[in-house]
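The values are calculated or read from the model by the stated rules, or taken from the named source; none is laboratory data. What you see is a predicted model; the values in this text were computed from it and never measured. Every residue, glycine as well, gets a Cβ built from its backbone with ideal geometry; the counts of neighbours run over all protein chains shown.
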Amino acid sequence: MNPNDLKELSELIDFLKANKIAEFNVERGDLKIGLKFESAASAPDMAQLGRLLAAQGGGVAAQAAPAPVAAAAAPVAEESGLKPVKSPIVGTFYEAASPGAPPFVKVGDHVEVGTVLCIVEAMKLMNEIESDVAGEIVQLVATNGGPVEFGQPLYMVKPK
């Protein structure tokens, strides 16, 4: 690689980190580069990535994957007094009991300790997740139908 290529790669890495892109693959002729960042905290901004790649020109194929959002919600909770309701298991997050059914809770709802907030499916078992704090739901962090990790925030609650 020549110095210009290294500078371009360095700028690309800075861009990927700044936009919290978890995974990226690029091919230019016989050069193939794959990057994976373990600490990325949110889904990638593919539109912005596309603009950067278009500006750089060349035959580039990009693939990005979102990373768990657990790290993103923690600072919000510390700074604002919000309490995260975290997933006790790894699985698939569902905000309603079945497709088409209304969600168990939505932003603005007041909940008590023990209120069912959602379901996390793990190994074909539907696990009801209950609130461990009384207060107001201020943010849905998880994505309906998306994967969740152990300890990942699902909701942010403003305690009573």
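Restricting attention to the range 101-110, the residues that are surrounded by 10 or more Cβ atoms within 10 Å (Cβ to Cβ), within 22 Å of the chain's Cα centre (by Cα), of a type outside the set (A, V, I, L, M, F, W, C) and part of a loop (DSSP other than H, G, I, E, B) add up to 1.
Under the condition of being surrounded by fewer than 19 Cβ atoms within 10 Å (Cβ to Cβ) and either closer than 19 Å to Ser80 by Cα or outside the structural domain of Val111 (by TED's automatic domain parsing) (or both), the residues counted in the range 144-160 number 3.
Yes/no per residue for (1) part of a loop (DSSP other than H, G, I, E, B); (2) assigned by TED's automatic domain parsing to the domain that holds Glu23; (3) under 16 Å from the mean Cα position of the chain (by Cα); (4) modelled with pLDDT of 95 or more:
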{"position": "Leu52", "(1), (2), (3), (4)": "no, yes, no, no"}
{"position": "Ala64", "(1), (2), (3), (4)": "yes, no, yes, no"}
{"position": "Val76", "(1), (2), (3), (4)": "no, no, yes, no"}
{"position": "Glu79", "(1), (2), (3), (4)": "no, no, no, no"}
{"position": "Pro99", "(1), (2), (3), (4)": "yes, no, no, no"}
{"position": "Leu117", "(1), (2), (3), (4)": "no, no, no, yes"}
{"position": "Ala142", "(1), (2), (3), (4)": "yes, no, yes, no"}
